[in-house]
Structures are given as C-alpha cells and as structure tokens.
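K.L.:
Handing you this structure, nothing more for now.
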Amino acid sequence: MLTKVFLEHPRKVDESYLEHAVFASKFSFKLFLAAGAALVHAIIPVLFEKTASKMIAEMYAKTHNRG
C-alpha cells in the first residue's frame, strides 16, 4: 500500500520519490507566482499582461510528455 501511495507515480515518470517531490514543489511555487501575476493583472491590466500565460505554457511544455 505504501509503495502504491508514495512510489508508483514517481516511477511512472522515471523519478525517485525525492526527485519527484522536488520537481512538484518547484512546479507548485511557479504556479503560485503565476497566480500572483494574474491577480495583479486583474487589478492593474497593464501589468503582467502575458506573464502568467507564458509561465503556464512553459510548465506545460515540461510536463506534457512525462510518463
């Protein structure tokens, strides 16, 4: 059961548990930054016009062919 919960998915993307945890943590932080840029843009439209969408496109490019 623990193997399924903690190791099955990281193995599918050819990573150890720790490698996957680091990757997912960095991804989460980038999403947080993108959300912040989108929020600022919502309030002041001239700021960060394409920042969030560019960040998300880059993250998608890094993940869409994994596993």
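What follows is calculated from the coordinates using simple rules that are stated; it is not laboratory data. Note that this is a predicted model, so its numbers are computed, not measured. Cβ coordinates were reconstructed from backbone atoms using ideal geometry, including for glycine residues, and neighbour counts include every protein chain displayed.
K.L.:
Checking Met59 against (1) within 17 Å of the chain's Cα centre (by Cα); (2) in a loop (DSSP other than H, G, I, E, B), only one condition comes out false. Which one?
P.N.:
Result: Met59 passes all but (2).
K.L.:
Could you tell me which of the residues His9, His20, His41 is assigned to a helix (DSSP H, G or I) and touching a Pro at 6+ places or on another chain (Cβ under 8 Å)?
P.N.:
His20
K.L.:
Given Phe48, Phe32, which one is aromatic (Phe, Trp, Tyr) and either over 10 Å from the mean Cα position of the chain (by Cα) or farther than 26 Å from Val5 by Cα (or both)?
P.N.:
Details: Phe32 fails: either over 10 Å from the mean Cα position of the chain (by Cα) or farther than 26 Å from Val5 by Cα (or both).
Of the residues listed, the single one that is aromatic (Phe, Trp, Tyr) and either over 10 Å from the mean Cα position of the chain (by Cα) or farther than 26 Å from Val5 by Cα (or both) is Phe48.
K.L.:
In this structure, is Phe27 surrounded by 11 or more Cβ atoms within 10 Å (Cβ to Cβ) and of a type in the set (Phe, Trp, Tyr)?
P.N.:
Working: surrounded by 11 or more Cβ atoms within 10 Å (Cβ to Cβ): yes; of a type in the set (Phe, Trp, Tyr): yes.
For Phe27, the condition - surrounded by 11 or more Cβ atoms within 10 Å (Cβ to Cβ) and of a type in the set (Phe, Trp, Tyr) - is met.
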